[in-house]
Amino acid sequence: MPEPEGWASDVALPEARDEDPSPGVVEVTLTAAPHTMSIVEGVSTEVWAYNGSMPGPTIRAKVGDTLVVHFINQLPVESTIHWHGVRVPNAMDGTSMTQTPVPPGGSFDYTFPLPDAGTYWYHPHVSSMAQVSRGLYGALVVEGEGEPQLGHELVMVLSDVLLNDDGSINPPEEEPNLEAYFGREGNHLLVNGREAPEIRAVPGVPLRLRLINAATARYFQMRLGDDTFTRLGGDGGFIEHPLKEPAILLATGERADALVTPHGEPGETLDLGWTAYDRGYGTGLQEPRTLLRVALEGRADRPAPIVPSSLRALPRIDTMGAGEDLIQLTESFETGMAVLSINGHPFSETVPIEVMAGSPRILRVENTTKADHAFHLHGFFFQHISAPFVEDKDTINVPAQQTLSLALLPDDRPGGWMFHCHILDHAELGMMGMLMVMSP
Ligand code: C2O
Ligand code: CU
């Protein structure tokens with residue numbers, strides 16, 4: 001059952017052009033530069049964008065492909081590109097620890113294979129908070145082999161932006177310490193760079209949403225009326241079995257791959273709505289907002305495809321005899337200024353955690369603070385040990401005062417890999433550490 005002609009034209013993102021016709025290689029150019037667009041009708045906003053698009057173009061590839069990205073920096077500041085969630089070689093991780101940041105006018109080539117299907121994203125990793133706030137982020141979709149067609153796919157890059165009345169972005173570089181401590185949120189919620197855009201859909205025909213939370217601080221909790229979501233996967237591709245959920249919650253940096261079937265009469269418009277989640281500091285008190293309007297038209301002419309009860313065989317990491325590492329998320333106040341840290345050390349004084357490739361570990365992530373943090377590890381998936389089902393993840397919410405046990409089996413890609421809170425203000429305030437993976 002096709003969707004109406006142009007059903008997602010109000011919201012769909014451009015796709016990056018593959019410059020290499022040979023199979024198995026996707027080669028794209030990403031140029032970061034200032035760009036003027038209209039976020040609020042009637043006023044223009046200068047954002048930072050990749051290829052003149054905010055979010056950047058969606059990069060689409062197949063599992064096993066090699067991705068080649070020519071990054072050209074036309075920003076007034078140095079930058080890099082980090083491939084959030086992808087198991088890249090260390091030198092391709094795009095942080096200031098793994099490469100010299102690309103100066104204004106400079107360029108850098110990233111080349112790496114894509115070993116895992118899933119929904120990933122890319123963003124700078126120098127002054128991340130400021131650069132992501134200004135609009136530098138985009139989706140990277142890696143399609144699995146023989147994946148079933150379960151619904152019409154829509155990539156939704158979720159974010160927010162803090163605009164002044166004249167349409168200019170409130171300079172993230174000047175954020176006061178206390179607001180950074182709270183994790184400053186934008187005043188406009190965006191889906192693919194647009195406020196409350198509309199799609200047209202047929203009632204009874206499922207949509208497959210690839211959701212990416214690219215906001216610097218805002219968590220996204222979403223509902224579509226009383227329709228339930230069927231979650232197929234998250235950060236690292238499919239989960240084992242589809243999971244019914246009334247709402248989807250994404251911490252910053254997290255992703256979800258979910259089916260939802262709009263129900264209603266043609267002519268009705270449904271609201272895919274944002275509802276507040278309390279991650280601390282009064283964030284739970286905000287009013288509900290509209291993310292996406294779903295205008296219904298037509299009627300389904302056949303039943304929806306059956307979702308297989310088993311999506312993927314995903315072995316649980318065997319943690320028998322695994323050693324443990326304690327990662328405490330900590331904070332302190334020095335002369336009235338908040339400093340966030342890992343095990344009491346801000347990133348400038350980080351004490352690396354050493355692990356051996358091929359040996360399972362348990363990372364015990366203990367949140368000692370009174371607010372939630374979004375724990376993200378570069379380069380490797382982990383599995384939350386007490387989750388009711390097996391899932392490969394790279395970003396997970398650690399609720400206030402709670403401890404999560406994460407199983408990790410690092411493969412042989414040695415080097416220093418960052419982990420940090422993906423509330424990017426918090427990473428900037430010091431809540432960032434390093435995992436040192438050594439070859440046996
Ligand atoms: Cu999404 Cu260290 O990053
Ligand atoms: Cu945090």
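Here, each number is a calculation from the coordinates, and none is a lab measurement. The model shown is predicted, which means the values in this text are computed figures rather than measured ones. Cβ sites come from the backbone with ideal geometry, for glycine too, and all protein chains shown count toward neighbours.
For the stretch 324-379, the Kirkwood hydrodynamic radius comes to 12.8 Å, computed from all pairs of different C-alpha atoms. The H on the amide N of A196, modeled in the peptide plane, is under 5 Å from the matching H of V191, each at least 5 residues off or on a different chain. Cα-Cα pairs above 29 Å in the stretch 283-440: how many percent? Within the stretch 283-440, distances greater than 29 Å cover 34 percent of Cα pairs.
Of the trypsin sites (Lys or Arg not before Pro) found in the stretch 342-434, those that fall in a DSSP loop while having at most 15 other beta-carbon atoms within 10 Å are K370.
Normalised by 2.2 N^0.38 Å, where N counts its residues, the alpha-carbon radius of gyration of the stretch 47-109 equals 1.16. Can you tell which of A300, Q401, A313 lies farthest toward the positive end of the dipole of the stretch 279-429, using +1 and -1 charges on the Cβ of basic and acidic side chains (Lys, Arg; Asp, Glu)? The listed residue farthest towards the positive side: A300. Distant-in-sequence amide contacts of M418, defined by a placed amide H-H separation under 5 Å and a gap of 5 or more residues or a different chain, comprise H378, L435. About its Cα centre, the dipole of the chain is roughly 680 debye, where the only charges are +1 on Lys and Arg Cβ and -1 on Asp and Glu Cβ. Ellipticity at 222 nm from helices only: DSSP H runs of n ≥ 4 in the chain, each -39500 (n - 2.57), divided by the residue count, give -1000 deg cm²/dmol. Under Stokes-Einstein, with the Kirkwood radius over Cα pairs as Rh, the value for the stretch 155-262 at 20 °C and 1.002 mPa s is 140 µm²/s. How would the stretch 1-128 be classified by its alpha-carbon gyration tensor: rounded, prolate or oblate, with rounded meaning a/c under 1.5 and the a/b versus b/c comparison settling the rest? Note, shape of the stretch 1-128 comes out oblate. The C-alpha radius of gyration of the chain, expressed as a fraction of 2.2 N^0.38 Å, stands at 0.94.
Can you compute the FRET efficiency between A387 and S44 using 1/(1 + (r/R0)^6), with r the Cβ-Cβ distance and R0 = 41 Å? Round to the nearest 0.05. It comes out at approximately 0.35. Bridge orientation summary for the stretch 1-147: considering DSSP beta bridges with both residues in this region, about 65 percent are antiparallel. The loop-placed GluC sites (Glu not before Pro) in the stretch 89-163, going by DSSP, that have at most 15 neighbouring Cβ atoms within 10 Å of their Cβ come out as E145. Under 26 Å Cα-Cα from K370, which lysines qualify once same-chain neighbours fewer than 8 residues away are excluded? The qualifying lysines are K393. For the stretch 260-350, GluC sites (Glu not before Pro) meeting the loop criterion (DSSP other than H, G, I, E, B) and having at most 10 other Cβ atoms within 10 Å: none. Other residues whose C-beta falls under 13 angstrom from the C-beta of A130 contribute a net charge of -4, scoring Lys and Arg +1 and Asp and Glu -1. Result for the chain in a Gaussian network model with C-alpha springs under 10 Å: among G415, G237, G85, the largest mean-square fluctuation is at G415.
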